[in-house]
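K.L.:
Shown below is the structure under consideration.
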Amino acid sequence: MNASVKEEKKGSGDISLSIKGDMTIYTVNELKQSILNGLEDSTGRIELDLAQVSRIDTAGYQLLLLLDREALAENKKIVIKKPSGEVKRLFNLYKYSYE
Amino acid sequence: MGSGKFNLNDALNTFFIESREMLENMESCLLELEKDSTDAESMNALFRSVHTIKGSSGMFGLEPIERFTHIVENILDDVRNGKISVDSDFIGLQLECHDFMAQLLDLFEQNKKAVLSDEMVQKNGYLIERLNSYLGGGITAPEKEEKFESQLEENDEEEDQVVSEYWHISLRFHKDVFKNGLDPQSFINYLSEMGEIKNIISVYDEMPRAEEMNPENCYLGFEIVFDGSTDKDTLENVFEFVIDDCQLRIIPPRSSIADYVNLIDELPETPMKIGDMLKTVGSLTEIELEKALELQREMSGGEVEADRNRFIGEIMVHEKMIQKPVLDKALEKQNDIKRLEEKKKKSIRIDADKLDKLINLIGELVITGANVRQLSERTGDIELNESVSSMSRLIEDVRDSTMNLRMVQIGETFKRYERIVRDLSRERGKEIELDVNGGETELDKTLIEKISDPLMHLIRNSIDHGIDSPDDRVSRGKSRKGTIQLNAYYETGSIVIEVIDDGEGLNREKIFNKAVQSGILQADQKISDDDLFQLIFQPGFSTADQVTNISGRGVGMDVVKKNIESLRGSIIIESEKGVGTTMRIHLPLTLAIVDGFMVKVADSYYVMPLDMVTECSEISMEELAGKEGGNFMNLRGEVLPFMRLREFFQEDGEAPKRENIIVLEYARIKAGLVVDKLIGEFQTVIKPLGRLFNNLQWVSGATILGTGDVALILDVPKLVQYIQKIESATLASVEES
């Protein structure tokens, strides 16, 4: 049960965040900080790569909502890339549009 | 993290136990419905059972069970709504589904990750196909018309209805929901299986700014538009597990705008925001929303135009008032059902091992108590004796209530046979009704478990060989439908269970001939019906088509008898040709602890269960002696066979001048025992004698007295039968000579 966030600068203020592992109640605490750091580092687009998320629960989903809201407040844009099957399933359930 | 951790395995075990209970419920409801298809209570109970299994199997991720029960539930819902009519084919199919669900439960209890065998997959598909055949077809068309009509009617009644034909569900979770180990998605998921989630909006306005936001807290809510033909109760049940951790509001389809106004009032977000959400999610149209917001403003606005506001406010209240009586009635009914269920649930589960341990301890306490009593009596100290005797009384009470814990009504077991009677009589082309009496009779749990198989066999036997075919019955002047009676009641010192059929009765000649053929009887031998019928309990004894051809069912009648005897019980058969057969089982009431009656012969103490002792009296030698070789006495005009315990156990020494006789009764047979001295009532615990004495007859156990002496506990049922047997043999010879 662990998770990691890999941050990559993409130029012109864009960054990419790849989350690997679980996005669940057990990992949201550590994920929150890394994700918010990423948000701070960027000045434009944040690409969120969710291809390697093995599990996600509602706590993880809530964290994405937080990121969404904070980005909107700072006039930045979140782009979700390659959600894994698990993530897709949850997005579909909550009818969360990511494209 | 993980503060809300609970033991999943325990929960899973409870799930299996409860699901089995639900299945039992399901079966009995189905059988009730077969008798009376309009029985709404059974219908609802049936639905609830299946619904519960579905819900909890979903919670535990046992998908195959969930999927299957979901379909069954759907069908039952249609039945409940009157779209499908219940006939015997339908019940048959549901019973098959019941069996399959039981199979699934068994499978997953062994291994949570089990995979269905090919056979089960096939069965699954077959059942689903048959279930679906009830769902599809011409049934849906008229239903739509109906819906339309009712919609029109409703529209006439109330103008303020919203257009939306869907449910609106509003959820706000409490902060701790994640920490309590719950994940809202499982409930939403579950909901989505009951119908279609038309739309869902995640609400997170309550979520604090990023710095203060604790990601382990839940700040979420959902506004859901849901399409499903279900009722409010069912929807509430979806969120049953999380009900304490959330605020749930459900607005039924085509509710009045006022309901939405209430919702807007109650939700934490601003009216505008909620209004927006309701519009976005699709529950309210633009116009409806404006109307609702206006109403809401008018109601809560206050200061300006106070009079007008009050006026409208009153209208709102008034509107509610109109609905109130209807609502009250509905609530009342709901409460009634709830109360009933609560009453049913006013019990707790206890591990049988714990109970056994307690009973063992009580047993020890009883022995020790008896010791103390004897010792204190010896001291002659009156005060001490008084205290001790009140203590003994308490111990007795404790013992009784403890033993009662193990007592279970036999009705539950009886209920199970209904299914067998139903299925088997169909298979055999017979019409049979099972008539159960005395289901409230209580028996020790272990006793019930052990008697249920032999009983089942007797019932099968009655169906197979007792009850005749409908045509035969009519030609014999009986009703087409045969009856099997299942009775349970108490009798002196024993519990009686009867299986009575009104069939052909045993064929005396056939049994006799067969017995002669196989060399058990002489051709000219006289034998009582009772003894003759006992022959069918002989291993391998069969009159082929008549008595025991229980085809490959494992136990034969000999095993039935053996099982009953191993419980220290007995079975007798009464049968009259053309009228029917009665199989009567006597089981001793006695458990590990008994109220005993103690007697003394020479230097030995003997105890017999008090409830088998009917009377005792002093008796002179003259009354006992000189009855032409037989041991009989005249008990108020009745012939009472008796036996001298002194002779029987070959005690040394002389009998005292005046002996005592104890009259015992078991299974309607009376017999006397002559002993030296009566000691009196004695509470005791039966201790098994150990393997060394396994083959010891006439004694069922032993107990330790306060003096340290050992008293033997007599096996009264065996003794009584033995006395009856040898004495009736001598009686016969006396009569003949």
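Coordinate-derived values only; no laboratory data. What you see is a predicted model, and the numbers here were worked out from it, not measured in a lab. Glycine gets a Cβ as well: all are built from the backbone with ideal geometry, and neighbour counts include every protein chain shown.
K.L.:
First select every other residue whose beta carbon is under 11 angstrom from the beta carbon of B:ARG209; then total the charges, Lys and Arg +1, Asp and Glu -1. Can you show the working numbers first?
P.N.:
Values: positive: A:ARG69; negative: A:GLU70, B:GLU211, B:GLU212.
Net charge in that neighbourhood comes out at -2.
K.L.:
Count charges around A:SER84 for me, please; just the other residues with Cβ under 12 Å from its Cβ, Lys/Arg as +1, Asp/Glu as -1.
P.N.:
Within the 12 Å Cβ shell, the charges total +3.
K.L.:
What number, in percent, do you get for the relative contact order of segment B:408-588 if the mean sequence gap of Cα pairs under 8 Å and at least 6 apart is divided by its residue count?
P.N.:
Over segment B:408-588, the number comes to 23 percent.
K.L.:
Rounded, prolate or oblate: which one fits segment B:408-588, using the alpha carbon gyration tensor with axes a ≥ b ≥ c (rounded when a/c is under 1.5, else prolate when a/b beats b/c, else oblate)? Before the final figure, lay out each step's value.
P.N.:
Working: a/c = 1.74, a/b = 1.16, b/c = 1.50.
Oblate is the answer for segment B:408-588, as a/c is 1.5 or above yet b/c matches or exceeds a/b.
K.L.:
To continue, here is another question. If you average the sequence gap of Cα pairs under 8 Å that are 6 or more apart and divide by the length of chain A, what percent do you get for the contact order?
P.N.:
27 percent
K.L.:
Where does helix A:28-41 land angle-wise versus the long Cα axis of chain A, in degrees 0 to 90, nearest 10?
P.N.:
The angle comes out at about 20 degrees.
K.L.:
How much length, in nm to one decimal, is gained on full extension between B:GLN103 and B:ILE348, taken as 0.36 nm per residue of separation minus their Cα-Cα distance?
P.N.:
Extra length from B:GLN103 to B:ILE348 when fully extended: 85.6 nm.
K.L.:
Could you give the distance between the Cα centres of segment B:398-430 and segment B:50-116, to the whole Å?
P.N.:
Here the answer is 23 Å between Cα centres.
K.L.:
Quickly work out the B:THR280-to-B:SER518 label distance, labels modelled 7 Å from Cα along the C-beta direction, and quote it in nm with one decimal.
P.N.:
Output for this residue pair reads 8.3 nm.
K.L.:
What's the average, rounded to a whole number, of partner chain beta-carbon atoms within 10 Å of each residue's beta-carbon in A:57-69?
P.N.:
Mean shielding by partner chains, rounded to a whole number: 6.
K.L.:
Give me the inter-chain shielding for A:23-32: mean count of other chain Cβ atoms within 10 Å, whole number please.
P.N.:
Partner-chain Cβ atoms within 10 Å, mean over residues of A:23-32: 4.
K.L.:
Moving on to the next point. Any idea how far apart B:LYS113 and B:LYS600 come out in nm if each label point goes 7 Å out from Cα toward Cβ?
P.N.:
7.1 nm
K.L.:
Okay, next question. Cα gyration tensor of segment B:352-406, axes a ≥ b ≥ c as square roots of the eigenvalues: rounded (a/c below 1.5), prolate (a/b > b/c) or oblate? Please list the in-between numbers first.
P.N.:
On the way: a/c = 4.94, a/b = 2.48, b/c = 1.99.
It is prolate, given that a/c is not under 1.5 and a/b is the larger ratio.
K.L.:
Something else: How many Cβ atoms of partner chains, on average, are near each residue of B:203-211 if near means within 10 Å of its Cβ? Mind showing how you got there, number by number?
P.N.:
Values: counts 1, 6, 1, 0, 4, 1, 4, 10, 1.
Taking the mean over all residues of the peptide, I get 3.
K.L.:
Continuing with this model, one more query. Within segment B:63-116, list the trypsin sites (Lys or Arg not before Pro) lying in a DSSP loop whose Cβ has at most 15 other Cβ atoms in a 10 Å radius. Display every interim value, and only then the final one.
P.N.:
Values: sites: B:ARG67, B:ARG80, B:LYS83, B:LYS112, B:LYS113; in loops: B:LYS83, B:LYS112, B:LYS113.
In loop regions of segment B:63-116 (DSSP not H, G, I, E or B), the sparsely surrounded trypsin sites (Lys or Arg not before Pro) are B:LYS112, B:LYS113.
K.L.:
Would you please give the residues with an amide H less than 5 Å from that of B:CYS246, counting only those at least 5 places away or on a separate chain, with H modeled from the backbone geometry?
P.N.:
The answer is B:HIS174.
K.L.:
Give the calculated FRET efficiency between B:THR730 and B:GLU638 to the nearest 0.05, with a Förster radius of 22 Å applied to their Cβ-Cβ distance.
P.N.:
0.80
K.L.:
With the crude spin-label approximation of a point 7 Å out along Cα→Cβ, what separation in nm comes out for B:MET272 versus A:GLU8?
P.N.:
It is 4.3 nm.
K.L.:
Starting at the first residue of segment B:375-388, write each ³J(HN,Hα) from the Karplus equation 6.51 cos²θ - 1.76 cosθ + 1.60 with θ = phi - 60°, in whole Hz, x for Gly and Pro.
P.N.:
With coefficients 6.51, -1.76 and 1.60, one gets 5, 5, 4, 5, 6, x, 6, 5, 4, 4, 4, 5, 4, 4 Hz.
K.L.:
Return the loop-located chymotrypsin sites (Phe, Trp or Tyr not before Pro) in chain A (DSSP other than H, G, I, E, B) with at most 11 other Cβ atoms within 10 Å of their own Cβ; answer none if there are none.
P.N.:
Here no loop site has a sparse enough neighbourhood.
K.L.:
Restricting attention to segment B:438-541, which trypsin sites (Lys or Arg not before Pro) occupy a DSSP loop and are surrounded by at most 15 other Cβ atoms within 10 Å? Don't skip to the end; give the middle numbers.
P.N.:
Working: sites: B:LYS445, B:LYS450, B:ARG460, B:ARG473, B:ARG476, B:LYS478, B:ARG480, B:LYS481, B:ARG508, B:LYS510, B:LYS514, B:LYS526; in loops: B:ARG476, B:LYS478, B:ARG480, B:LYS481, B:LYS526.
Sites meeting the loop and neighbour criteria: B:ARG476, B:ARG480, B:LYS481, B:LYS526.
K.L.:
Excluding A:SER12 itself, what net charge comes from residues whose Cβ is under 15 Å from its Cβ, given Lys and Arg +1 and Asp and Glu -1?
P.N.:
+1
K.L.:
Still on this structure: With +1 on each Lys and Arg Cβ and -1 on each Asp and Glu Cβ, how big is the dipole of chain A about its Cα centre, in debye rounded to the nearest 20?
P.N.:
Value, rounded to 20: 300 debye.
K.L.:
Another question about this same structure. Find the relative contact order for segment B:8-153 and round it to a whole percent, using C-alpha pairs within less than 8 Å whose residues are 6+ positions apart.
P.N.:
About 24 percent, as a whole number.
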